[in-house]
Amino acid sequence: MTSSDTAALLRRLCFVHDGGAARETSGAFVFERDFDSTWTWPDLLFDSGAASSHYQERSRGEIHGIVNDAGRVIGTRVPHALRFINVELERVLFRRSEAVEGASSSSNRSHIGACVWTNLERPVDRTYVCIEGLLHEAVHQLLYKMERDHGPFCDLDDSILFRSPWSGNRIPLHSLVHACLVWFALLTLWCQLARTSNDGDERRLIGERVARILFGFTFVGELFDERSLRTPRVDPSIRELIRHMARVCSTVRASDESIALRDLFRAVDEGAWVERLRGKIGQVAKTLQCGG
């Protein structure tokens, strides 16, 4: 990829601007809500095609309500995120399973344009969990499409695993690369929501998510400087984009020294991170566009 390509990708993954259009009047997602198909999804802990994983009719209204609430929140406050999801996601399978602890979403590069949402009704903050999951999976769809059309961002070999700085799980390199891009997009979404929030409980909820994302990025710059990642295993432009993202995330810290999670929460609570982060993202986009 070229610097122009990565600058364009950064703009697609950035939601801390006004979106270039008025609010979405409908606030509605347009993807198909799949409750009944026998489609068996790869890499799940349960059979998504089995009747036991399907919501009963009386339970589906609750799921529709959560999704509709999520659409209203971002449709009025981050309309470009709603448009992004509506472009990238064509179908969402809503399923339930005791084999999955809590709520989770999943994508697979063999099923571009679709994802699975499991146990969406369980979280207390389910509107925000829904927003997070839908954008998370929509970003994966964009990245899958780019890799399908222009070649993979990195080696797709699954034999070498890396520790995810967000989940702590050991994951292959291609999952790590995707994770960096996905979590950065989510960071910009929360940043935009924080800019438009007048609710203390919502700001605290957003702050917790932001602090964890930023804490994960404190390890990313070092990780992508490791000898194993200086090779052509990662596309040089993608590697540089991720390192730029890590540097952007460092703007909320008082110094370049490592920061404890509790101190990061405190920095986020102070609120100044929003405009610092927003300004820094704009600077990085210009830098990438210029190829510098």
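The values are calculated or read from the model by the stated rules, or taken from the named source; none is laboratory data. Please read these numbers as outputs of a predicted model, since none were measured by experiment. Methodologically, a virtual Cβ is constructed for each residue, glycine included, from the backbone with ideal geometry; neighbour enumeration extends over all protein chains shown.
Annotations for the structure displayed:
- Checking the stated criteria, residue 95 turns out to be buried (at least 20 other Cβ atoms within 10 Å of the Cβ), within 26 Å of residue 143 (Cα to Cα) and among the charged types (D, E, K, R).
- Considering only residues in region 120-164 that are polar (S, T, N, Q) and surrounded by 14 or more Cβ atoms within 10 Å (Cβ to Cβ), the one that is nearest to residue 3 (Cα to Cα) turns out to be 141.
- If you check 240, 222 for being within 20 Å of residue 2 (Cβ to Cβ) and at pLDDT 70 or above, only one passes: 240.
- Among residues of region 145-191, those that are within 14 Å of the chain's Cα centre (by Cα), closer than 19 Å to residue 10 by Cβ and at pLDDT 90 or above, counted: 15
- Residue match in region 78-92 (condition: assigned to a strand (DSSP E or B) and buried (at least 21 other Cβ atoms within 10 Å of the Cβ)): yes
- Under the condition of being farther than 25 Å from residue 16 by Cα and touching a residue at least 60 places away in the same chain (Cβ under 8 Å), the residues counted in region 80-105 number 3.
- Checked against the criterion of being under 30 Å from residue 275 (Cα atoms), in a loop (DSSP other than H, G, I, E, B), at pLDDT 95 or above and under 22 Å from the mean Cα position of the chain (by Cα), region 27-41 contains one or more residues that satisfy it.
- Filtered residues of region 91-108 (kept if over 17 Å from the mean Cα position of the chain (by Cα) and not aliphatic (A, V, I, L, M)): 91, 94, 95, 96, 97, 98, 101, 102
- Of the residues screened, residue 43 is not one that is surrounded by fewer than 16 Cβ atoms within 10 Å (Cβ to Cβ), touching a Ser or Thr at 6+ places or on another chain (Cβ under 8 Å) and farther than 26 Å from residue 179 by Cβ.
- Odd one out for residue 159, checked against (1) part of a loop (DSSP other than H, G, I, E, B); (2) polar (S, T, N, Q); (3) farther than 18 Å from residue 226 by Cα: (3)
- If you filter region 174-204 down to residues that are touching a Phe, Trp or Tyr at 6+ places or on another chain (Cβ under 6 Å) and farther than 16 Å from residue 277 by Cβ, you find that the one that is surrounded by the fewest Cβ atoms within 10 Å (Cβ to Cβ) is 176.
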